[in-house]
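Engineer: If you scroll down you'll find the structure; I have some questions about it.
The values are calculated or read from the model by the stated rules, or taken from the named source; none is laboratory data. Here the structure is a predicted model, which means the values were calculated and not measured. Quick reminder, even Gly has a Cβ in these numbers, built from the backbone with ideal geometry, and neighbours come from all protein chains shown.
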Amino acid sequence: MASRPTRDLRRAILDRSLELVDKKGLDALSMREVARRLGVTHGAPYYHFKDRSSIVAALVEEGLAILAGMLEAAAREHEDPRAAFEACGRRYVAFAIAHPAYFRVMFRPELVGREHRASIDRAATQAFAVLQGVVVRCHAAGLSTGVDARALALTGWSTAHGLAALCLDGPLASKGDPKALAETVGATLGALVASGPKRGDARRGAGARRRGPRDGKSARRGSTRR
């Protein structure tokens, strides 16, 4: 039985962990079970990972890197920023469907130790920055300029994430076509960015409200004079 640390063993540990999460759920993931499935000594995984949470942390970072790559590809495929924003939403859902094990561990901070939080935050920031960059492109094209770029990107992320979660483990898991639902979320994000307020709309609206009473008073005075 293999017991020495190798790059192949590290990769094999992560791959078997993904299989366990995908087929048996997170509760089935343990150092001992991974070793058993690999046919190595129970101590072999410890050459690469301190404990279960270290394996999960590595999977989280990998998943976020894959997601960031998919979002970057979606953003590059479209010159039109609205189309790029829509494509990112579709690609987010596609990621969850194609990589359910990664998706199920990526947003569970309680599963990883504090020593891994900084590196995970960096990976998450990189993925989110792709979406925020697309929103900046939308602003440059005059779309939703009255909405903060981070807030709009977060709204898009939340919309896509919510649908992806419902498709995997929620009430939509056995209903509908995931690809069709992904198209729906893409269209929703497109409508969101196209219909958002533009910079200055609030000031113009406030100006109109301030003018309203004066105009009304002038009208009443004119009516009295008549």
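Matching residues to (1) in contact (Cβ under 8 Å) with a residue 60 or more places away in the chain; (2) part of a loop (DSSP other than H, G, I, E, B); (3) not assigned by TED's automatic domain parsing to the domain that holds Ala84:
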residue	(1), (2), (3)
Arg104	yes, no, no
Gln126	yes, no, no
Val135	no, no, no
Cys138	no, no, no
Leu143	yes, yes, no
Gly146	no, yes, no
Leu152	no, no, no
Thr159	yes, no, no
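Engineer: List, please: which pairs have Cβ atoms under 9 Å, are six or more places apart or on different chains, and start with a residue in the stretch 12-36 that is under 17 Å from Ser54 (Cβ atoms) and end with one that is polar (S, T, N, Q) and surrounded by 15 or more Cβ atoms within 10 Å (Cβ to Cβ)?
Structural biologist: Close Cβ pairs (under 9 Å, with a partner that is polar (S, T, N, Q) and surrounded by 15 or more Cβ atoms within 10 Å (Cβ to Cβ)) amount to Leu20/Ser30; Leu29/Ser17; Val34/Ser17.
Engineer: Taking the criterion of being farther than 25 Å from Ile13 by Cα and touching a Cys at 6+ places or on another chain (Cβ under 7 Å), would at least one residue in the stretch 109-128 satisfy it?
Structural biologist: No, every residue in the stretch 109-128 fails to be farther than 25 Å from Ile13 by Cα and touching a Cys at 6+ places or on another chain (Cβ under 7 Å).
Engineer: Right, something else. Of all the residues that make up the stretch 62-101, how many are surrounded by fewer than 22 Cβ atoms within 10 Å (Cβ to Cβ) and touching a Phe, Trp or Tyr at 6+ places or on another chain (Cβ under 8 Å)?
Structural biologist: Residues that pass the stated criteria total 3.
Engineer: In the stretch 138-164, which residue that is buried (at least 19 other Cβ atoms within 10 Å of the Cβ) and over 13 Å from the mean Cα position of the chain (by Cα) is nearest to Phe95 (Cα to Cα)?
Structural biologist: Once the filter is applied, the top-ranked residue is Cys138.
Engineer: Shifting gears a bit: Six or more apart or on different chains, Cβ atoms under 8 Å: show the pairs whose first residue is in the stretch 178-196 and of a type in the set (Ser, Thr, Tyr) and whose second is assigned to a helix (DSSP H, G or I) and surrounded by 13 or more Cβ atoms within 10 Å (Cβ to Cβ).
Structural biologist: Thr184/Leu163; Thr188/Gly89; Thr188/Thr159
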